[in-house]
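Every number here is computed from the coordinates shown, using simple stated rules; none is lab data. The structure presented is a predicted model; accordingly, all values stated were derived computationally and were not measured. All Cβ positions, even for glycine, are placed from backbone atoms using ideal geometry, and neighbour counts span all protein chains on display.
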Amino acid sequence: MSGVRTDPPRNGEVAAGTADGGVETSRHDAPSRPLHHPADGPPPRSGEDLRGDFPGLTPGWHYLDTAATAQKPQAVIDACTRAMGRDYATVHRGVYARSADMTLAYEAARRRIAAFIGGCEEQCVFVRGATEAINLVAYSHPRKGRVLLSLLEHHSNIVPWQLAGWEIDVCPLTADGRIDLDAAERMLTPDHSMVALAHVSNVLGSPLDVPRAAELAHRVSAELLIDGCQAVPRLPVDVAALGCDYYVFSGHKLYGPTGIGVLWSDKLDALPPWQGGGSMIDRVTFERTTYAPAPTRFEAGTPAIVEALGLAAAADYVAGIGVAAIHAHECALVARLREQLARRNSIALFGPDDSAGIVSFAMAGVHPHDIGTILDESGVAIRAGHHCAQPLMEHLGVPATARASFGLYSNDDDVAALIDGLARVERIFG
Ligand SMILES: Cc1ncc(COP(=O)(O)O)c(C=O)c1O
C-alpha cells in the first residue's frame, strides 16, 4: 500500500468510527495534495499491515478476484457479529429500547453510506445489491421506453432492461475498450429516456467519463444510471459532482457483506413503489394503500439490518485508508502487471492502460479455465470466464478471458506469484 491517509473533512459530513475505533470523517475525494501529510496524523500503514486486517487472506494465498467480491476486514466482521449478537433486534417496529437503538443504528448506516458517496440519506435505498437496484429502476421507472446501454455492460445492466420491456440500443467501444461517448452522442435521441452505463468495466477496468455521459443524456432529456459496482471500491465517488440521476453498487465489492447494496438517486420521489409489503406503506386498507416517502417506500419487508451495519463499517474502514490512496495503489499494481504481461508473447491484453484495478488477458492456445485451474495449484486465485459480460466476449472474439483484479490489500507478491504461475502454464502447454 503506497499510503494511508486521513481525508479532509467534508462540509456537513457525519463523523463515524474508524476501524481503529477512532473518529473519522468520511470524505474520500481526491485532494490536490500529497497522499500523506504530517498533519494527517499517524504515518501510513504498510500493505502488510492492511493484509493483517483481513482474516480471509491466508498465508501463501494470492487473492486476485476482488472484482468478484472483496475480502472482509475484521472491523466489518466484528460489526456484523455485534449486530447479529449483542445488539440484534428488528428495526422500525419495536417499542422496546433495543429495537429503537437498532433503528437508530440502521438509519445511521444509511447516513454513513450516503456521506461516503456524497449523497443525502433520503436519497439512498438499501437494496440487496446492484442487480436489485437496476431491476428496481428498470421496472418502476415511469418513462419506460428506450435505453442506451454499452457493449461492455455486466448482464445485471442488460437483462433487467430486457425483462422490464425497454427498447435497447447499444453504444460501441473505442479501440482501447472504453465506452465510446462520441458514438453515444450521435446515437442519443429524444426517444431515449434512460442511459445506463458502467462507471468501471468489470472486465476491462475502463473508467467512464461520467460527467460527460450525464451531459449527453440530459441534452436529450434522458436520465443517466451509473453502475458503480467496480468504481465505488477503487475510485473517489461523489454523486453530486458526477451529475448522474441514479448510482448503484453492491456492498460486498466494497469490503462489506453480501446481501446489501445501494440505490442512490435524487429522483426517488418520481418513482412509484416497486415491491409491496410491510414497512413501505403509510396506510393499508383493502380498498386503497398509501405509501411511505422515499427511501422507505422502496424497502418492503424486514431489511438486511446486520448487512447494513456491516456496510457502514466497511465504508468507515475504506475511508480510513482513503479511496484516492487505494486507487493510486491499484493503478501502480495494474501498471506493473500489464507491463510484465506485455513482455510475454503468448499473452493478449485487453482494456486500456489506465484500467482501474482490473486486468483481463488471454493466453494463446490455452482456455482461461485451464489458466485458472493451474494458477490455483500455485495458490493464485483469478477469475476465468465470461464475467457476466457475454456481449463483450463476443465483441472481443473470445469465449472467456482470464482476469486478475486487485484490492487495497493486494501487493507485489501477488503480481509476482501470478507471473510465476503463468510461466508454469506456458511450460505445461508449451
Ligand atoms: C460492473 C458490475 N455490475 C453489476 C454487478 C452485479 O453485482 P451483484 O451481483 O452484487 O448484484 C457486478 C458484479 O460482478 C459488476 O461487476
Condition check for Y106: touching a residue at least 12 places away in the same chain (Cβ under 8 Å), farther than 16 Å from S250 by Cα and either within 16 Å of the ligand (Cβ to nearest atom) or outside any loop (DSSP other than H, G, I, E, B) (or both): yes
Evaluation of A294 against (1) under 24 Å from N202 (Cβ atoms); (2) more than 15 Å from the chain's Cα centre (by Cα) (one fails), failing number: (1)
Strands (runs of 3 or more DSSP E) completely within the stretch 248-321 that count 1 or more residues being of a type in the set (A, V, I, L, M): 261-265, 281-284
Contacts under 8 angstrom Cβ, first residue in the stretch 213-231 being away from the ligand (no atom under 16 Å from the Cβ), partner of a type in the set (S, T, N, Q), 6 or more apart: V220/T189; S221/S193; A222/S193; E223/S193
Residue, nearest to I326 (Cα to Cα), within the stretch 257-282, restricted to residues that are among the small types (G, A, S) and more than 11 Å from the ligand (Cβ to nearest atom): S265
Identity of the residue in the stretch 232-254, closer than 13 Å to V137 by Cβ and more than 10 Å from the ligand (Cβ to nearest atom), that ends up surrounded by the fewest Cβ atoms within 10 Å (Cβ to Cβ): D245
Condition broken by F116, with the remaining ones in (1) within 13 Å of the ligand (Cβ to nearest atom); (2) closer than 22 Å to L311 by Cα satisfied: (1)
The one condition in (1) surrounded by 24 or more Cβ atoms within 10 Å (Cβ to Cβ); (2) without any contact (Cβ under 8 Å) to a residue 60 or more places away in the chain; (3) not polar (S, T, N, Q) that V284 fails to fulfil: (1)
Residues located in the stretch 120-175, provided they are in contact (Cβ under 8 Å) with a residue 60 or more places away in the chain, hydroxyl-bearing (S, T, Y) and more than 10 Å from the ligand (Cβ to nearest atom): Y139, S140
